[in-house]
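S.K.: Starting off with a structure, shown below.
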Amino acid sequence: MDQKRHPWLHRYVNDGDNTIEPVFSPSDDATLASFAALFLSSGLQSFDANKHLRTDAWSPIYDCETESVVEPGQPPQLFAVVWTPVWTGTDPVAGFRTGQDSAYLGSTATIAMPQDERTAALLMLVTTSYVHLSGRWENSRPVVQAALDVGEPTFRFVELVPESLPLTTHQPREGERQGR
């Protein structure tokens with residue numbers, strides 16, 4: 001598996017020796033197109049969003065995180081929260097919180113989420129069957145890929161078809177190499 005091109009895949013593809021190479025199916029899914037627009041408007045070099053269902057919780061709890069790279073060569077900026085399902089008719093953003101749950105005291109309070117691409121991407125995840133959304137620049141073109149949970153332990157990998165991407169090119173910043 002190409003860890004440079006797909007550093008997030010180890011979470012979803014692991015056969016013990018890390019040799020599985022996933023096959024990405026072309027997709028024009030509306031969620032992928034929305035994530036592409038979000039990624040392109042963010043100005044980031046790469047942007048990943050993930051959700052993972054806790055298996056040891058009494059009720060559904062998702063660990064959610066984003067990784068944002070602003071400049072080439074910089075380490076990713078991490079943002080992590082948990083999300084629990086909310087009642088029908090309640091804004092899904094109300095399910096985000098930080099801190100530890102307590103069986104005795106209940107769950108932690110909700111938090112004010114940043115009004116940027118991190119919250120928007122995490123909302124796309126928690127309201128769909130996607131478990132991962134990823135955007136990066138490759139050869140001056142955006143590449144948007146994702147993983148969908150199609151039942152334990154299987155994931156389906158998709159890549160947004162170029163026809164669904166807005167017409168744009170990426171101007172490499174100083175120090176950025178082509179083909180990354």
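S.K.: Before we move on, is residue 69 touching a Ser or Thr at 6+ places or on another chain (Cβ under 7 Å), among the hydrophobic types (A, V, I, L, M, F, W, C) and buried (at least 20 other Cβ atoms within 10 Å of the Cβ)?
M.R.: It is false that residue 69 is touching a Ser or Thr at 6+ places or on another chain (Cβ under 7 Å), among the hydrophobic types (A, V, I, L, M, F, W, C) and buried (at least 20 other Cβ atoms within 10 Å of the Cβ).
S.K.: Still on this structure: Checking residue 136 against (1) open to solvent by 70 Å² or more (accessible area, probe 1.4 Å); (2) at pLDDT 85 or above; (3) touching a strand residue (DSSP E or B) at 6+ places or on another chain (Cβ under 8 Å), only one condition comes out false. Which one?
M.R.: Residue 136 satisfies every listed condition except (1).
S.K.: Going through 160, 78 one at a time, which residue ends up being crowded, with 17+ Cβ neighbours inside 10 Å and modelled with pLDDT of 70 or more?
M.R.: Answer to the selection: 160.
S.K.: Name the residue that is modelled with the lowest pLDDT, counting only residues in the stretch 106-132 that are touching a strand residue (DSSP E or B) at 6+ places or on another chain (Cβ under 8 Å), open to solvent by 60 Å² or more (accessible area, probe 1.4 Å) and of a type outside the set (S, T, N, Q).
M.R.: 109
S.K.: I've got another one for you. Could you list, in sequence order, all residues of the stretch 39-81 that are outside any strand (DSSP E or B), touching a strand residue (DSSP E or B) at 6+ places or on another chain (Cβ under 8 Å), closer than 24 Å to residue 161 by Cβ and not hydroxyl-bearing (Ser, Thr, Tyr)?
M.R.: 39, 40, 44, 45, listed by residue number.
The values are calculated or read from the model by the stated rules, or taken from the named source; none is laboratory data. Here the structure is a predicted model, which is why all the values come from computation and not from measurement. Note: ideal-geometry Cβ built from the backbone for every residue, glycine included; neighbour counts use all protein chains shown. Side chains are part of the model used for accessible areas, which takes the heavy atoms of the whole protein and leaves out ligands, DNA and RNA. Shrake-Rupley method; radii C 1.70, N 1.55, O 1.52, S 1.80 Å.
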